[in-house]
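A short worksheet on the structure shown next.
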Amino acid sequence: MLQIESRQFAVERGLFACIQCGKCTGGCPMAMKTRLNPRDLIYRVLVSGNGFNLEGREELWDCTTCLTCYSRCPKQVNPMEAILAMRGAIVEKGKIHPNVKTALESTFRNGNPLKMPRSDRAEWAKELQLKAFPDGGAEYLFYIGCTPSYDPRGQKVARALVRVLGSAGLDFGILGNDENCCASEVRRLGEAGLFEAMVEENTAAFTELGVEKMFTVSPHCFNVFKNDYQKLEVGAKFSAQVQHYTQVLADLTRDGRLKFNGSFEQKVTYHDPCYLGRHNGIFDEPRAILQGIPGLELIEMDRSREKSLCCEGGGGRMFLEGTNPGTRLAQQRVQEALDSGATILATACPFCLLTLEEAVKHLNAEEKLRVLDIAEIAERAL
Amino acid sequence: MSDSIPSSANGRGAALVIGAGIAGIQAALDIADAGFKVYLVERSPSIGGRMSQLDKTFPTLDCSSCILTPKMADVPRNPNITLLTCTQVEAVEGQAGAFHVTLERQPRFVDESVCTGCGLCTDVCPVITPNIFNAALDSHKAIYRVFPQAVPAAFVIDKRPSPCKITCPAHIPVQGYIALIAQGKFREALQRVREAGVPFVGTLGRVCYHPCESECKRADWDEAVSICALKRIAYDAGRDDEKPQPVPIQYEEHVAVVGAGPAGLTTACNLTRRGYKVTVFDALPSPGGMLAAGIPEYRLPREVLNDEIDYVLAQGVELKLNTPIGRDGGPSLEDLRRDHQAVFLAIGAHGSSRLGVPGEDLPEVFQAVPFLRHMNMGHEANIGKHVAVIGGGNSAIDAARCALRLGAEVQLVYRRSRAEMPAAPWEVSAAEQEGVKLTFLSAPLRVIEKDGHAAGIECIRMKLGEPDSSGRRRPVPVDGTEYVMDVDTIIAAIGQNVESDGLGVETKWGQFVVDPLTLETSAKGVFAGGDAVIGPASVVEAIGAGLQAAESIHRYLRGMDLRDGRSQDHPKSKDIQISPAEAVKRAPREHMPELPVAERINNFREVELGLTAEQAMAEAQRCLSCAVCSECNQCVTACQRGAIVPEDAPRRIEVDVGAIVVATGFDVFDPRRKPEFGYGKYPQVITSLEFERLASASGPTAGRISLNGHPPNKVTFIHCVGSRDRSLNLPNCSRVCCMAVAKQAHLAHDRLPGAQITVFYMDVRAFGKGFEEFYDRVRKEGILYRRGNPSEIVRRGDHLFVRAEDTLLGEPVEVESDLIVLAAGLTPRADASGLAQILHLVQGTDGYFQEAHPKLRTVESSVPGMYLAGCCQGPKDIPDTVAQAKAAASAAMILLNGKGANHASN
């Protein structure tokens, strides 16, 4: 039996506030295609007496942590966090999918979930001669993250961003091979122990380096540093001001430091990444950057901003297929972008970039639509 | 309505009722029927409140208007009630039994006691604006009646500030003449500007620097309205040869105006119209000041200027030319003051700043102002073939373009860069097109002399240093960069000053020192304005000063307060929010036709040719009507009873009352705060209040439920939008929505035969008398209630889908819908905390006014002597509101009868 003490579990997480209105499930992008039903799950926890059995609840791994459920809840119940806690209980018992196990082990050993060696982490930047933080007292730490460090597609984004920041004269440094995974996916996969250990390790490292201001490529890294570290006792000392790079670029554009001398003559639609938009309310900055680029025409999809459709890349879903590997949400999203008449699907998240690009290939739409990160579009317009 | 209001009736005390919805009306009627005096204060132009917007009431399906209007009609018929609409409470002092209340009545601009409600005004009004009463589903004119059964029945004008009028130094009613031009009424448009005291319409339409256009809100959509060009066509197409008749002199005082420029002539024109005898003195042989002496003919044809000056003079202004004052043998200011009871000094800034370099007194070195004057007065100008103009202002550009037209090769030398040039950018580019060469960052060192004549100019390159006191970067010479320009004529245009010596009035740097509001100088009865006060500026600023001076001089001569009611504080144009009546369709400005460069550079023909009538009408239709009322005054002309009061102003009213009933009602939740429903984005998504107007026989569709003319076939209602929602900090239940939705679902079923009607609900609160029975009836009609509250609305193609979980099925569902009604919750009034401060009322954590005890003192507020009625205390339906209003009236009457003092002060 894989049971949780459901009464205490529900009280601690405020689940008794649930009025069973179903807004969480009505908006859940996975509820339409899998067995996941957040309202039903909460109700079953509430009525289970004092023991709720997690055995066989494979749908817990379907959640993409897109946060639509919480953002719609009128009673401020957070089904996503409840699901993560249930995953935690499963992981604690060691009953996890081999892929999850591999990702967690790699994160523990290599500082990334991608089974890549630590010594290759800064390969992407070897020809760029970037300042090492904090030597020379750089103003910002540029935290790259695992996907932009190792994935060839992600690396292009990181390099584009370096050139954009350079043209604006921003003073930043990187950690190189000393950079460690942010542990965001560790937390989403329910490995609370490893997460705590990594928060402790990273917090100590950042404190010692004297990081005051930092920014990230990935909204996932941004979110975990900004919102999750300080909630743990071992991360209480984490004090750096964290920004997503789109915030930095929007500021540089507004102050006139980042100038676009070129143009980007395309119809662009912007896909709001969950961890930038719903999780952190950053909707305007990415659009401000795009609208500041000469020649660029910004088109909105019906599902934009708060209503953005998850690409299905979050919540550990980069490592797991889930209970319905059929049509991925990213394919639905790409279809929406095609319907909008855009020729470029812009985003600002390495996971979104990979899943959406994959979906474009799957739909044989490479001729009609390209997926680009905002940093890449900005670089083309310098 | 009369200004004097009796302070009490029969000596039995009086009550103030704030808010005239059903709660306020009921409380006022009860108190008045009991023999007490009531002041019923309502901030909107009509009583009736929210109930007047509803179609039917639940659960009895009475027509809301039919049961409300008799009560509304009782209000003006009740001799004990004084109804004050457009009025708000400003301050309350005192205590229970003896409150002193200050009210402010906003202008209605229509005399309620004279208006018969015939509607002739509304027929001629050119402005449409969203109809808020109909939830903006249709529109009405700027002069309107809120709804046909409004009480009072009088019309009202919606008049707001507009950026163009505020920004204009002469505060010309821009939107007024633009609205008239949009209708092709050019003559009326010209008349409208002249009525506003501005005689130089064709002139301003050609030479104004139009600061109004920089603030025009239309630029937020595409480009500013071409206001200046429209003013020009008002004159060009609206003028006729008829001259005004001399105005009869009413007063014995005689006013002297020194200077026949735009400031002086504007003052003279306006004082003459008011019935004063005015004499204008000018040192030059012809009138017009800088308009005549400074502005070249190719920008302002003399025929236009002279026609407008003749318009001023024809009204009876006396003009004495060749008469300098205080110099050159002319009469002194003292002489003028002896013979005139007031003097306006508008002498302009005709002096020139010297270059301060060796050789500047050579015969081929001219100053721009005398050079332009010389030419403009019709004299030959003897200049050479290679001319250097020094300076970057408008006079420099004028001089350069004139020299060019005389056949010279012209170089303009300016010591800073293009960005710092004070000249209007469109003038600079016109000069460049015509062939004037511009040299930036260069300054003259000396004029090179050869045989007593100028033979060139030595200049030095400059660079921009730190900003100086004017905020512009100071030019600094670059050593070793001296060079010689081969020219034979130099025109200096580096500054103008005021020739103010010899008048004996206090000056600073030569400019007269005046009170900025009244334009009074240090000498009693002597006023000054225009360039003579602010230095070389613009025509429109001079005209503004002329208007200011005329008002001051009239007040001065009539012994009135010079400052009362005048202010230079205006709303900031950036704070002005507008909601155009219709979606703004992008349309670029009409292009001003110009004489081709080749046809203009060897003559002084006018360069800008003016818009055609068709262009002008199209351009005028681009105006967004920020001010709503355009002040075109067509209604004034149309009203046969003279009920329109354009000069109506806010008025303070003080009343003494013993008790106060607060009945200020509620606001409707703005569903834009829940973006997942796409309200404001999808036209098919509306609020329940909007549904009421659609269903109402007196609404925009006369009761046909339709969107864009199509009756919907699939109607979905969504409960609890903006209520019971902690994520919005609106945790309370709105109490009326469950039954309102049931009623509306019934109406939809009744009016839309065969339509599929779905209600998504969490739970149905049918707690009142007859409510559950009504809910039963509605379901039996075939309306599908599905349990589950929708999460979002999405659009695919042209279709909208409500996405929810049917919690009884345990499955996510999508329901296609062509009309979606959001049961938007009730919220406290947005300005409830403002009123709470004035009255010292306590608000609950939900924002509603807090009663003194939740069980036992439900109509008493936290302040003794003040009582609560209706939704200002919390959401409630009509029967509960009426009951509470009657209870509040009763509590107030107990106090007024002197029986409740002990209780009230507890």
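The values are calculated or read from the model by the stated rules, or taken from the named source; none is laboratory data. Remember, it's a predicted structure, so these values are computed and weren't measured experimentally. So basically every Cβ, Gly included, is an ideal-geometry build from the backbone, and we count neighbours across all protein chains shown. For accessibility, only protein heavy atoms count, side chains too; no ligands or nucleic acids. Shrake-Rupley method; radii C 1.70, N 1.55, O 1.52, S 1.80 Å.
Computed quantities for the displayed model
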quantity	calculated
Positive-pole candidate from B:V174, B:L120, B:P79, dipole of chain B, charges at beta carbon	B:P79
For the pair B and A, total buried accessible area rounded to nearest 100 Å², probe 1.4 Å	2200 Å²
Shape category assigned to the protein assembly as shown from the gyration tensor of Cα positions, a/c cut at 1.5	oblate
Max mean-square fluctuation residue, GNM over chain A, Cα-Cα springs under 10 Å, options A:R159, A:R87, A:R13	A:R13
Average accessible area per residue (Å²) across the stretch B:359-497 - probe 1.4 Å, nucleic acids and ligands excluded	46 Å²
Descending principal axes extents, the stretch B:125-268, alpha-carbon based, whole Å	56, 41, 27
Percentage relative contact order, the stretch B:670-825, counting C-alpha pairs under 8 Å, at least six apart	30 percent
Trypsin sites (Lys or Arg not before Pro) restricted to DSSP loop in the stretch B:725-798 with at most 14 other C-beta within 10 Å	B:K769
Karplus-derived HN-Hα couplings along the stretch B:434-448 (A = 6.51, B = -1.76, C = 1.60, θ = phi - 60°), whole Hz, x at Gly and Pro	7, x, 6, 8, 9, 10, 9, 6, 8, 9, x, 9, 6, 8, 7
For chain B, size of Cβ-based charge dipole, Lys and Arg +1, Asp and Glu -1, in debye	2460 debye
Cα-based shape type of the stretch A:3-92, given that a ≥ b ≥ c are square roots of the gyration tensor eigenvalues and the cut on a/c is 1.5	oblate
Average projected area [Cα convex hull, the stretch B:226-326], square nanometres	7.3 nm²
The protein assembly as shown, accessible surface, carbon-and-sulfur percent (1.4 angstrom probe)	49 percent
Built amide H within the under 5 Å cut-off of B:I491, gap 5+	B:F366, B:A388, B:V389, B:I390
Candidates A:T246, A:T64, A:T327, ranked by Gaussian network fluctuation over chain A, Cα under 10 Å, top entry	A:T327
Local net charge near B:P358, Cβ-Cβ under 10 Å (Lys/Arg +1, Asp/Glu -1)	-3
Positive dipole terminus of the protein assembly as shown, leading residue within B:G197, B:A349, A:T25 (C-beta point charges)	A:T25
A:T207 paired with B:K450, simple spin-label distance in nm, labels 7 Å along Cα-to-beta-carbon	8.3 nm
Residues with amide H under 5 Å from that of B:E816, placed H, sequence gap 5 or more	B:V802
B:G288 long-range amide H proximity, modeled H, under 5 Å	B:A260, B:G261
Theoretical ellipticity at 222 nm over chain A - DSSP helices of four or more residues, -39500 (n - 2.57) apiece, nearest 500	-11500 deg cm²/dmol
Chain B: radius of gyration and largest Cα-Cα distance (Dmax), Å	34.6, 113
Sequence of B:T266, A:T207 from largest to smallest accessible area, 1.4 Å probe	A:T207, B:T266
Exercise: per-residue mean of other protein chain Cβ atoms within 10 Å, B:777-790	2
Residue-normalised accessible area of chain A, given per residue in Å² at a 1.4 Å probe	39 Å²
Threshold 40 Å² - residues in the stretch A:5-30 whose accessible area is reduced by that much or more when the chain is no longer isolated, probe 1.4 Å	A:I19, A:C21, A:K23, A:G26
The stretch B:467-509 shape via C-alpha gyration tensor axes, a/c threshold 1.5	oblate
Cα lying deepest toward the dipole's positive end in the protein assembly as shown, options A:S167, A:N50, B:G874, charges on Cβ	A:N50
List A:W61, B:W426, ordered by accessible area with a 1.4 Å probe, largest first	B:W426, A:W61
Mean ellipticity per residue at 222 nm, deg cm²/dmol - from DSSP H runs of n ≥ 4 across chain B, formula -39500 (n - 2.57)	-8000 deg cm²/dmol
Per residue solvent-accessible surface (Å²) - the stretch B:578-722, probe of 1.4 Å	45 Å²
